[in-house]
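Heads up: the structure comes next, in structure tokens.
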Amino acid sequence: MKTYEAVVIFTSDENPYREAREFVKKEFETAGIVITKEEDMGEKLLAYPVRKHDRGRYVLYHIEGSAEALKTVRRTLKLRPEVLKHLISRQEVRAR
């Protein structure tokens, strides 16, 4: 399994944020992706309005899984209205 870092920007409204965060966790688990670390980075001002929102709640996930599993999760995240943006990038393993 490969290691990835995912940043998801949710709407800043409290109830939709909580529901969407739980939804993302379940999607990762359903796809066979393991969340090794989850960090709430708080609410921040967006550089430009996204879906008529100027603020968003940032959450950073450290995850492990396959590239195929990530494809299905990416598709699902695009369809979720509470998820404003997401970015998933592969973490490089450095030899010491």
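Hand me the chymotrypsin sites (Phe, Trp or Tyr not before Pro) from the chain located in a DSSP loop with no more than 15 other Cβ atoms within 10 Å, in residue order please.
Working: sites: Tyr4, Phe10, Tyr17, Phe23, Phe28, Tyr58, Tyr61; in loops: none.
Passing sites in the chain do not exist.
Helix-only estimate, please: 222 nm mean residue ellipticity of the chain, summing -39500 (n - 2.57) across DSSP H runs of length 4 or more and dividing by its residues, to the nearest 500.
Details: 2 runs with 30 residues, N = 96.
Estimated from H runs of four or more residues: -10000 deg cm²/dmol.
Hey, what did the chain get for relative contact order, percent, Cα under 8 Å, at least 6 apart? Display every interim value, and only then the final one.
Numbers: 162 pairs, mean separation 44.4, N = 96.
It comes to 46 percent, rounded to a whole number.
Divide the volume of the convex hull of the Cα atoms of segment 2-90 by its number of residues and quote the answer in cubic angstrom per residue. If you can, show how the numbers build up before the last one.
On the way: hull volume 7.3 nm³, N = 89.
Cα-based convex hull of segment 2-90, divided per residue, equals 83 Å³.
Could the peptides 83-91, 71-79 be put in order, highest first, of the mean number of other beta-carbon atoms found within 10 Å of their residues? Write down the numbers at each step before the final one.
Values: 83-91: 15.0, 71-79: 13.3.
Answer by packing, highest mean first, reads 83-91, 71-79.
For helix 67-79, what angle does its Cα long axis make with the longest principal axis of the chain, in degrees from 0 to 90 and rounded to 10?
10
What lysines sit close enough to Lys71 to cross-link, taking a C-alpha to C-alpha distance under 22 Å and skipping anything fewer than 8 places away on the same chain?
Lys2, Lys25, Lys26, Lys37, Lys85
Give me the extension gain from Glu29 to Lys2: residue separation times 0.36 nm, minus the current Cα-Cα distance, reported in nm with one decimal. Don't skip to the end; give the middle numbers.
Numbers: separation 27, 0.36 × 27 = 9.72 nm, distance 1.53 nm.
Fully extending the segment from Glu29 to Lys2 adds 8.2 nm.
Taking only Cα atoms, what is the 0 to 90° angle, nearest 10, from helix 14-30's long axis to the longest principal axis of the chain?
Helix 14-30 sits roughly 20 degrees off the main axis of the chain.
No lab work stands behind these numbers, since they all come straight from the coordinates. From a predicted model like this one, the values you see are computed outputs, not experimental measurements. Backbone-built Cβ (ideal geometry, glycine too); neighbour counts: all protein chains shown.
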